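What follows draws every value from the coordinates through simple rules; no lab data is involved. Note that the structure is predicted; figures quoted are calculated from it, not measured. Cβ atoms come from the backbone with ideal geometry, glycine included; neighbour counts cover every protein chain shown.
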Amino acid sequence: MQVTYELTQKDFTEAYTAHRNGRVVTRWSRRIFVSIMVLVGAIGLLGFLMKPTVQTARDLAPLLGLIAMWIGVLWFLPRWQMRRQFLQQPGAHGSRSLILDDSGAHWKWNGGSSDVEWKNYIRSVEGKNQILFYTSPACFNILPKVSLNPDQLSELRALLAQNMRKNVN
């Protein structure tokens, strides 16, 4: 199977999201943390609405500031980092091709190439719009699903199931 595609900034951002949510423990701990933040913020606002005084507002301000900071850290910082990484990585721009065969994956991009045998992949993660090929717990290659037709996607899933441990979201 051969696929030709170009990565976009959106691919980088969505791949990071798929990577971050690739493990059930990570995904659920993040959800629980955000739920606790929302609950604490709601309790603080409810307390202010029940007794709207200047002192209550002053007491609530640090909590709301902390919640705003965590929203920035969890939501905006990763998007900014992925945008920056995409823009500063010359190899991420331009046409890329991937050939998958019985021996492994053969990647070619503007300025380089890589041949990786199946035994070197530890897992794959299928996100909403990308498939990630992992050679280590944090190092992965991105394949946008939009570059695959339905038959190729089915063939790819079969190849991944046959040749590496799989973690599909």
Separation of the Ser35 and Trp75 label points, Cα + 7 Å toward Cβ, nm: 1.9
GNM result for the chain, Cα springs below 10 Å: residue of Trp75, Trp109, Trp118 fluctuating most strongly: Trp75
Unit charges at the beta carbon, dipole of region 69-145: most positive-side option, Ile71, Cys139, Ser95: Ile71
Acute angle (nearest 10 degrees) that the helix 24-50 long axis makes with the longest principal axis of the chain, alpha-carbon atoms: 20
Coarse-grained scattering of region 10-88 at q = 0.24 Å⁻¹, given as base-10 log I(q)/I(0) from a Debye sum over alpha-carbon atoms: -1.09
Per-peptide average of other Cβ atoms within 10 Å, ordering 26-34, 2-10 highest first: 2-10, 26-34
Label corresponding to volume of the Cα convex hull per residue in Å³ when calculated from the structure given, among [x] 105; [y] 113; [z] 125: [z]
Per-residue ³J(HN,Hα) for region 88-103, Karplus 6.51 cos²θ - 1.76 cosθ + 1.60, θ = phi - 60°, Hz, x for Gly and Pro: 9, 10, x, x, 7, 9, x, 5, 10, 9, 9, 10, 10, 9, 5, 7
Within the chain: Cβ-based charge dipole about Cα centre, in debye rounded to nearest 20 (Lys, Arg +1; Asp, Glu -1): 680
For the chain: relative contact order, % (alpha-carbon pairs under 8 angstrom, 6 or more apart): 29
For peptides 156-163, 62-69, sequence by mean Cβ density within 10 Å, most packed first: 156-163, 62-69
Partner aspartates and glutamates for Lys128 [C-alpha distance under 14 Å; skip if fewer than 8 residues away on the same chain]: Asp11, Glu14
Top of Glu155, Glu14, Glu126 by mean-square fluctuation, Gaussian network on the chain, Cα under 10 Å: Glu155
